[in-house]
1. Looking at segment 141-160, can you tell me whether even one residue there is out of contact with any Phe, Trp or Tyr (no Cβ under 8 Å at 6 or more places or on another chain) and at pLDDT below 65?
2. Between residues in segment 94-123 that are without any contact (Cβ under 8 Å) to a residue 60 or more places away in the chain and surrounded by fewer than 16 Cβ atoms within 10 Å (Cβ to Cβ) and residues that are of a type in the set (S, T, N, Q) and not in a loop (DSSP other than H, G, I, E, B), which pairs lie under 6 Å by C-beta distance while being six or more apart or on different chains?
3. Somewhere in segment 81-94, is a residue under 18 Å from the mean Cα position of the chain (by Cα) and at pLDDT 85 or above?
Amino acid sequence: MPAATLRTHPPSSEAVAAHAPPARIESLSLHLHSRGLAVRVFLTCWLVFALHFATNTVREIYPALSLGDRLSFDVSEYLDLHPDIFEIPGRGAFINNNPGASILGAIPYALFRPVVDGIVARVQRARASSAEPPPDYDTIYPMAREFHRKAYQRGLDVKFGLSAGVLQAFLMDKALYELGYELNHRPDWVHIPLAGLLRLHAPLHA
């Protein structure tokens, strides 16, 4: 008869905790508590950041949406919404921007696109049934007022807001990761990711 095979299973976390010294258990508990607190603080900052900047539509958003919708840099759908969008006869419309940022931004947008499309469709149905006039965007910037009017007429205002929130949250995720890494490993270099976080705000009002 073949020899019986002895199968071993890794010890459970309860078994490890039962045989671990008290100092190690306390250290593990403190680590888990700190990690949970850090996650909650990060998610709170992430949400506030995304909602605060969701009303800003920068150049990089247009190609990101086109890539997420049609895998194309052609932004003809958004023609005349931004002064940097130009048209090439027979080829489409494009915009002068950072293509790398748009490619990165297209990834979270594509993942959240079903949610964005569902909310946009619901809002559009509600607007069609209510027949209310478009809201007046009270601002001292005439170009921003005109942008809001055109975006509302085309049914793009909600899409822009939701997409900008997703993209800004993704950018903040990367910046905060770098900030945490430098704090833990190279605190003397922490000014580098901090400067990146500040630059996230700068182009929004350019």
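1. Within segment 141-160 (the criterion being out of contact with any Phe, Trp or Tyr (no Cβ under 8 Å at 6 or more places or on another chain) and at pLDDT below 65), the answer is no, since none of the residues qualifies.
2. If the second residue must be of a type in the set (S, T, N, Q) and not in a loop (DSSP other than H, G, I, E, B), no pairs are left.
3. Taking every residue of segment 81-94 in turn, none turns out to be under 18 Å from the mean Cα position of the chain (by Cα) and at pLDDT 85 or above.
The values are calculated or read from the model by the stated rules, or taken from the named source; none is laboratory data. Note that the structure is predicted; figures quoted are calculated from it, not measured. In this analysis, Cβ positions are derived from the backbone assuming ideal geometry, glycine residues included, and neighbour counts consider all displayed protein chains.
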